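Below you'll find the structure, written out as structure tokens, and then a few comments.
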């Protein structure tokens, strides 16, 4: 007989696993269901940028991003203490290059070309200056996902991979079970965190946005800051890998790399950091981001009293993982007076679907 957990999480990406790990801190039994292998969707395909300022987020989303970014050092420390493995967290700073000087002289974040060359001498001639955000950075999202799964399992989270959820069994305003490829399962509470595939189970306005990416290897490790250029972001890892991304394509779940996508990324990146043209391409891949209207994620309780949702993070799932895990956990606990929950309560009540 399968014992019903306190919380059943549908979706084994970074949001689902991070929230499961947070829930067990409060004594909850948690099971995660993943249709494929945990962390192999958007979480694996990302570049791992922690860039609320470089991404030019606005309003409450900027506040959410900055708060989550501030949580990263302690969050990573806790994960690494459990696993003994590095997550590749690096507060390296991010440059947003400019090709024309700002008309108003620029803000305090603006650095002219001579200032930038002291920091990043590899910049191409077309870069006349740029916005420098020293508090933005990166994490190696693949190392992070691997470690999150290890940490969750070591803390008692049951992870079931290769399980496809096909529907909800609803009675009045509650879920009384879910139908899966391995039979019916039940829990006290349910969390939907299925990213770009969320519409298969709930009528949320989340659509896939395909992103093509590739990587180089630089044995000299010349680039030490992220360069967030128009049409391409260049993310150097500490091990010499350079991740280049990403296209944004409204093509449904159409898989595969395209010559046009690769050409666009390479052209945009080499125009900003010319020496990339001399590096060998290491690998290519693609993934599907969960895009929601106005890029506002669905967070919080649905119209079903025991179903919470966390999806639609679009380009910022890696960045928002710590704050989302905290918010959803406190929401499930019923602790709506938590200071962070109170701060982002308007976001947490948007998910009434």
Test: residue in the stretch 51-63 that is without any contact (Cβ under 8 Å) to a residue 60 or more places away in the chain and on the phi < 0 side of the Ramachandran plot: yes
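Yes/no per residue for (1) crowded, with 20+ Cβ neighbours inside 10 Å; (2) touching a strand residue (DSSP E or B) at 6+ places or on another chain (Cβ under 6 Å); (3) in a loop (DSSP other than H, G, I, E, B):
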| position | (1), (2), (3) |
| --- | --- |
| 142 | no, no, no |
| 152 | yes, no, no |
| 156 | no, no, yes |
| 166 | no, yes, no |
| 169 | no, yes, no |
| 198 | yes, yes, no |
Subset tally (residues that are outside any helix (DSSP H, G or I) and in contact with a helix residue (DSSP H, G or I) (Cβ under 8 Å, 6 or more places away or on another chain)) for the stretch 274-318: 21
Checking residue 115 against (1) within 30 Å of residue 148 (Cα to Cα); (2) assigned to a helix (DSSP H, G or I): exactly one of these is not met. Which one? (1)
Of all residues in the stretch 270-290 being surrounded by 18 or more Cβ atoms within 10 Å (Cβ to Cβ) and within 30 Å of residue 194 (Cα to Cα), which is farthest from the chain's Cα centre (by Cα)? 286
Does residue 258 qualify as being more than 22 Å from the chain's Cα centre (by Cα) and at pLDDT 95 or above? yes
Show the residue pairs meeting these rules: Cβ distance below 8 Å; 6+ apart or different chains; first residue within the stretch 186-213 and on the phi > 0 side of the Ramachandran plot; second residue crowded, with 24+ Cβ neighbours inside 10 Å and in a loop (DSSP other than H, G, I, E, B). 195/11; 195/13; 195/41; 195/206; 195/313
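Going residue by residue through the stretch 251-261, is there one that turns out to be within 24 Å of residue 95 (Cβ to Cβ) and either out of contact with any strand residue (DSSP E or B) (no Cβ under 9 Å at 6 or more places or on another chain) or surrounded by fewer than 18 Cβ atoms within 10 Å (Cβ to Cβ) (or both)?
No, the stretch 251-261 contains no residue that is within 24 Å of residue 95 (Cβ to Cβ) and either out of contact with any strand residue (DSSP E or B) (no Cβ under 9 Å at 6 or more places or on another chain) or surrounded by fewer than 18 Cβ atoms within 10 Å (Cβ to Cβ) (or both).
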Report yes if residue 162 is more than 21 Å from the chain's Cα centre (by Cα), closer than 27 Å to residue 48 by Cβ and either loosely packed, with under 15 Cβ neighbours inside 10 Å or not assigned by TED's automatic domain parsing to the domain that holds residue 36 (or both), otherwise no. yes
Going by the structure shown, is residue 123 modelled with pLDDT of 95 or more, surrounded by fewer than 18 Cβ atoms within 10 Å (Cβ to Cβ) and either farther than 24 Å from residue 274 by Cβ or outside the structural domain of residue 145 (by TED's automatic domain parsing) (or both)? no
What's the number of the only condition in (1) surrounded by fewer than 20 Cβ atoms within 10 Å (Cβ to Cβ); (2) in contact with a strand residue (DSSP E or B) (Cβ under 8 Å, 6 or more places away or on another chain); (3) at pLDDT below 95; (4) farther than 19 Å from residue 58 by Cα that residue 306 fails to meet? (3)
Filtering the stretch 210-239 down to residues that are over 22 Å from the mean Cα position of the chain (by Cα) and over 15 Å from residue 266 (Cα atoms), which residue is surrounded by the most Cβ atoms within 10 Å (Cβ to Cβ)? 223
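The values are calculated or read from the model by the stated rules, or taken from the named source; none is laboratory data. Everything quoted here is computed from the prediction, not taken from an experiment. Please note: Cβ atoms are built from the backbone with ideal geometry, for glycine as well, and neighbour counts cover all protein chains shown.
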